[in-house]
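Student: Mind looking over this structure? Questions follow.
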Amino acid sequence: MNKSLKKDTILKLLSSMSSEKEIRKYLERFSSDDYRFAVIKVGGAVIQSDLENLVSSLAFLNEVGLRPIIIHGGGPKLSEELNKRKIEFSFLNGQRVTTNEVLDVAYEIFSGENTKIVSALKDQEVEAIPVIGDIFLCNIDNEKLGFVGNIKEINSKKIKDIISSGGIPVIAPIGNIGSNQYVNINGDKATLALAKEIVPDKVIFLSEIGGVFDSNEKLISNINIKDDYKTLMEQEWLHSGMKLKLEQIKLLLDCLPSNSSVSITKPLHLNRELFTDAGYGTLVKSGHQIDKLKSLDSDQKNTVVSILESSFKGTLNNKYFKNDDKEFYLSKCNRASIVTTSFKNITYMDKFAVISSARGEGLGNAMWNKMTSEHKKIFWRSRANNAINSFYKEVCDGFQKSNGWSIFWIGIDSLDELIECINYAVKQPATISYEK
Ligand code: ARG
């Protein structure tokens, strides 16, 4: 079948499932993001038993100009091979203990599985590029696990380069320590790390079963982490493997923009899942989650410092955390924070920061709403030339300019109180310094 005929056939097939308008909407949405379209995890079992559907779904994406990042597993095949060769192996907390001997077989098997996908894609004229090693820089996860990598850094440039030259990277779950030592990495963990690095529109898990099923074996079409997660995790009928996966998906969504989503589906339904509203699989979405903290542990402190310093482009005074009446709002994704103190039982918003890559996603609004829902009287100051002032002017009850500052407030009715607050705000020492 020639190329454009193939495209027409598939579009027609999809159109029989929903309107062409709907399909075009998704085509447009996914096309806007070059390398950020999708990270697709191909489960090891899929390579063994569903390669044909996988390849035709991916060939269609390629046909319409969408280049996902493929990462695959290989666990089932590896176990099979180790058994065949009578090499003993075990698991520790769901991770394969990887001796030198296991590692050699793992490398061989994962490369082999990688080649299967790559050559099947090439047969369909898809420019698939194998990526085996040299992309996940690791350290040893845990001595007891042997050669299992914990990802420290990802060479995302290599992936982006492949995509921008029109290729589709097919990545094996193999990492490196230094230049000569390979390590085994858990495919789902690698997917998570990769998705955090790439921040794709979609993360897709392709498996044999193709979704989350309820107690009646009915496919659960939508899961909203905020509303459904807790109840779902309490269900006896949800098997432990799926719980583990959902747990990981939740962790991932906590780190991605709120419009990102994760789909679990099977190769045959991939395009229906992507290009129709109803989809065919399980769609998992998050919503912003924001924690309020009375004190910070050292990791949280570092996070808040880096959010503040990157959004204000300065250096935070090292005594900043000395004052202990501070309260912190911290987004689960570690990309926004509000710090408050209080003055005469009135809340003083000392910092409000959203890192630049997270702006425009409604995260700032969600932070703001959470803070204002918990405090009725609030005042804060901002430099007169700060771009956020137009937002502040919209949400405040009033503001006053003084000494190069604008002082804003909400819920403060008494004039005496207000004057005290304004004076207090103006007098606060600077806590961020800027290089001259
Ligand atoms: N096509 C849309 C997407 O990929 C919606 C998918 C809906 N899927 C579902 N299982 N409810 O984001």
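The values are calculated or read from the model by the stated rules, or taken from the named source; none is laboratory data. Computed from a prediction, not measured in an experiment: that's the story for all the values here. All Cβ positions, glycine included, derive from the backbone under ideal geometry; neighbour counts span all protein chains shown. When the accessible area is computed, the model is the full protein with side chains, heavy atoms only, and any ligands, DNA or RNA have been set aside. Shrake-Rupley method; radii C 1.70, N 1.55, O 1.52, S 1.80 Å.
Student: What is the one condition in (1) more than 16 Å from the ligand (Cβ to nearest atom); (2) assigned to a strand (DSSP E or B); (3) at pLDDT 95 or above that THR303 does not satisfy?
Tutor: Exception for THR303: condition (2).
Student: Sticking with this structure for a sec: Please go through segment 283-296 and pick out each residue that is open to solvent by less than 30 Å² (accessible area, probe 1.4 Å) and either free of Cβ contacts under 8 Å to residues at least 12 places away in the same chain or part of a strand (DSSP E or B) (or both).
Tutor: Within segment 283-296, VAL284, ILE290 meet the criteria.
Student: Going through ILE422, ILE412 one at a time, which residue ends up being farther than 29 Å from SER298 by Cα, in a loop (DSSP other than H, G, I, E, B) and touching a residue at least 40 places away in the same chain (Cβ under 8 Å)?
Tutor: After applying the criteria, what remains is ILE412.
Student: Output yes when any residue across segment 220-238 is in a loop (DSSP other than H, G, I, E, B), small (Gly, Ala, Ser), open to solvent by less than 40 Å² (accessible area, probe 1.4 Å) and within 12 Å of the ligand (Cβ to nearest atom), and no when none is.
Tutor: There is no residue in segment 220-238 that is in a loop (DSSP other than H, G, I, E, B), small (Gly, Ala, Ser), open to solvent by less than 40 Å² (accessible area, probe 1.4 Å) and within 12 Å of the ligand (Cβ to nearest atom).
Student: Please find, among ASP277, ASP299, the residue that is surrounded by fewer than 14 Cβ atoms within 10 Å (Cβ to Cβ) and under 20 Å from LYS218 (Cα atoms).
Tutor: ASP277
Student: Given SER406, SER373, which one is among the polar types (S, T, N, Q), open to solvent by 30 Å² or more (accessible area, probe 1.4 Å) and either modelled with pLDDT under 95 or more than 33 Å from the chain's Cα centre (by Cα) (or both)?
Tutor: Just one listed residue meets the conditions, SER373.
Student: Something else: Of these, VAL131, VAL118, VAL148, which one is in contact with a Cys (Cβ under 9 Å, 6 or more places away or on another chain) and under 19 Å from GLY44 (Cα atoms)?
Tutor: VAL148
Student: Something else about it: Looking at (1) under 26 Å from ALA59 (Cα atoms); (2) among the basic types (Lys, Arg); (3) touching a strand residue (DSSP E or B) at 6+ places or on another chain (Cβ under 6 Å), which is the one condition that is false for LYS160?
Tutor: All conditions are met except number (3).
Student: Also, quick follow-up: Would you pick out the residues in segment 151-164 that are within 24 Å of ASN100 (Cβ to Cβ) and either in contact (Cβ under 8 Å) with a residue 24 or more places away in the chain or among the β-branched types (Val, Ile, Thr) (or both)?
Tutor: Across segment 151-164, the qualifying residue is only ILE151.
Student: Here's a follow-up. When the residues of segment 205-219 are narrowed to those that are in contact (Cβ under 8 Å) with a residue 40 or more places away in the chain and open to solvent by 60 Å² or more (accessible area, probe 1.4 Å), which ends up nearest to the ligand (Cβ to nearest atom)?
Tutor: Here the residue is ILE209.
Student: Next up: Return the residue satisfying two criteria in turn: it lies in segment 178-212 and is assigned to a loop (DSSP other than H, G, I, E, B) and within 20 Å of ALA106 (Cα to Cα), and of such residues it is farthest from the chain's Cα centre (by Cα).
Tutor: Top of the filtered list is ASN180.
Student: Within segment 385-403, track down each residue that is in contact (Cβ under 8 Å) with a residue 24 or more places away in the chain and open to solvent by 80 Å² or more (accessible area, probe 1.4 Å).
Tutor: Residues satisfying the conditions do not exist here.
Student: Can you say whether GLU113 is within 18 Å of VAL39 (Cβ to Cβ) and without any contact (Cβ under 8 Å) to a residue 24 or more places away in the chain, as far as the supplied structure shows?
Tutor: no
Student: Considering every residue within segment 260-273, establish whether at least one is touching a residue at least 12 places away in the same chain (Cβ under 8 Å), more than 15 Å from the ligand (Cβ to nearest atom) and open to solvent by 20 Å² or more (accessible area, probe 1.4 Å).
Tutor: no
Student: Here's a follow-up. Mind counting the residues in segment 239-258 that are part of a loop (DSSP other than H, G, I, E, B) and open to solvent by 90 Å² or more (accessible area, probe 1.4 Å)?
Tutor: Count: 1.
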